[in-house]
Amino acid sequence: MNKNLSKKLFVISGSSGVGKGTVLKGFLKKHPEFMLSISCTTRKPRVGEVDGVNYFFMTKDEFQTCIDNNKFLEWAEFAGNFYGTKKKYIQKCLEEGKDIILEIETKGALQVKKQMPESVLIFIAPPSIEALESRLRGRHTEDEETIQRRLHEVKEELRLAQQYDYKVINDNLEDAITQLEKIISGEQEKC
Ligand code: ADP
Ligand code: 5GP
């Protein structure tokens with residue numbers, strides 16, 4: 001994509017297991033100039049996850065201190081854990097002229113849109129709720145209680161998704177990546 005075009009903040013959301021991580025991985029492989037923001041979380045690392053790479057893993061007290069000191073651009077509780085994006089991290093990336101993608105849940109995404117109306121919200125939707133559940137289970141990263149908590153969020157996520165700028169259905173993976181590329185390049189051309 002054209003490097004001389006102005007930078008925008010792209011925010012991607014989607015229910016747990018929809019495949020947003022997989023779609024983003026495919027997109028970033030083709031467009032390594034984009035930076036994927038690293039969030040803070042109180043969730044425990046999954047097998048293979050690395051602190052400072054996948055997330056900045058924190059205790060609840062550390063997270064609360066960041067909230068108290070107004071360090072977050074946005075934060076939210078999701079399925080029993082806290083997640084947040086540090087203001088400083090995003091400011092630094094934008095100042096350096098980097099194209100940034102945030103992969104965050106819907107409540108946080110709408111907070112970003114409120115503060116930065118020029119940001120672009122993209123919701124990744126599943127072809128069906130059955131497919132979503134089957135992908136979430138098939139990933140084998142969560143126990144049954146966590147799966148239930150995550151599925152419980154879906155209805156509200158789909159409701160909030162109506163406020164998004166774009167929706168991409170992740171049925172065929174390659175098609176979803178292509179749609180994401182088209183949305184992002186189209187938005188950059190508007191600048
Ligand atoms: P998320 O980041 O949204 O929680 P993941 O990217 O971890 O979801 O994907 C959840 C599971 O679904 C993974 O096992 C992944 O391989 C699978 N998956 C992703 N996209 C598709 C797709 N288009 N079709 C079938 N399976 C998919
Ligand atoms: P997971 O635990 O599966 O990594 O993430 C759970 C949910 O938290 C996903 O919907 C993911 O997009 C979201 N998430 C990750 N980082 C952030 C963040 O910084 N802020 C918010 N609001 N949500 C986040």
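The values are calculated or read from the model by the stated rules, or taken from the named source; none is laboratory data. Predicted, not measured: the structure shown is a model, and the values here were computed from it. Cβ: placed from backbone, ideal geometry, glycine included. Neighbour counts: every protein chain shown. With ligands, DNA and RNA removed, areas are computed over all heavy atoms of the protein, side chains included. Shrake-Rupley method; radii C 1.70, N 1.55, O 1.52, S 1.80 Å.
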Which ones in region 117-139 are within 14 Å of ligand 2 (Cβ to nearest atom) and within 17 Å of the chain's Cα centre (by Cα)?
Ser119, Leu121, Ile122, Phe123, Ile124, Ala125, Pro126, Leu132, Leu136
Do we have any residue at all in region 18-25 that's under 20 Å from Glu142 (Cα atoms), at pLDDT 95 or above and part of a loop (DSSP other than H, G, I, E, B)?
yes
Among Tyr89, Tyr83, which is the only one that is in contact with a helix residue (DSSP H, G or I) (Cβ under 8 Å, 6 or more places away or on another chain), hydroxyl-bearing (Ser, Thr, Tyr) and not in a loop (DSSP other than H, G, I, E, B)?
Tyr83
Within region 93-109, restricting to residues that are in a helix (DSSP H, G or I), modelled with pLDDT under 95 and open to solvent by 40 Å² or more (accessible area, probe 1.4 Å), the one that is farthest from Ile183 (Cα to Cα) is Glu95
Tell me which residues, restricted to region 48-80, are touching a residue at least 40 places away in the same chain (Cβ under 8 Å) and closer than 19 Å to Arg139 by Cα.
Phe78, Ala79
Are there any pairs with C-beta distances below 7 angstrom linking a residue in region 30-43 that is touching a residue at least 60 places away in the same chain (Cβ under 8 Å) to a residue that is surrounded by 19 or more Cβ atoms within 10 Å (Cβ to Cβ) and part of a loop (DSSP other than H, G, I, E, B), with the two at least 6 apart or on different chains, and if so which?
Ser39/Ile104
With the requirement that a residue be more than 16 Å from the chain's Cα centre (by Cα) and either farther than 14 Å from Leu28 by Cα or surrounded by fewer than 18 Cβ atoms within 10 Å (Cβ to Cβ) (or both), what does region 164-180 give you?
Asp171, Asn172, Leu173, Glu174, Asp175, Thr178
Any chance region 1-8 includes a residue that's under 28 Å from Lys190 (Cβ atoms), open to solvent by 40 Å² or more (accessible area, probe 1.4 Å) and hydrophobic (A, V, I, L, M, F, W, C)?
yes
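Looking only at region 51-92, count every residue that is within 16 Å of ligand 1 (Cβ to nearest atom), open to solvent by less than 90 Å² (accessible area, probe 1.4 Å) and aliphatic (A, V, I, L, M) and tell me the total.
Going residue by residue through region 51-92, those that are within 16 Å of ligand 1 (Cβ to nearest atom) are 53-55, 76, 78-81, 83.
If we keep only those that are open to solvent by less than 90 Å² (accessible area, probe 1.4 Å) too, we end up with 54-55, 76, 78-81, 83.
With aliphatic (A, V, I, L, M) added as a condition, the list becomes 76, 79.
Looking only at that region, the number is 2.
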Quick check on region 128-146. Is at least one of its residues away from ligand 1 (no atom under 13 Å from the Cβ), open to solvent by less than 60 Å² (accessible area, probe 1.4 Å), over 18 Å from Leu24 (Cα atoms) and in a helix (DSSP H, G or I)?
no
Of the residues in region 101-127, those that are of a type in the set (Gly, Ala, Ser) and within 16 Å of ligand 1 (Cβ to nearest atom) come to Gly108, Ala109, Ala125
Please pick out the residue among Val168, Val154, Val112 that is more than 30 Å from Thr59 (Cβ to Cβ), of a type in the set (Val, Ile, Thr) and either modelled with pLDDT of 95 or more or near ligand 2 (Cβ under 9 Å from one of its atoms) (or both).
Val168
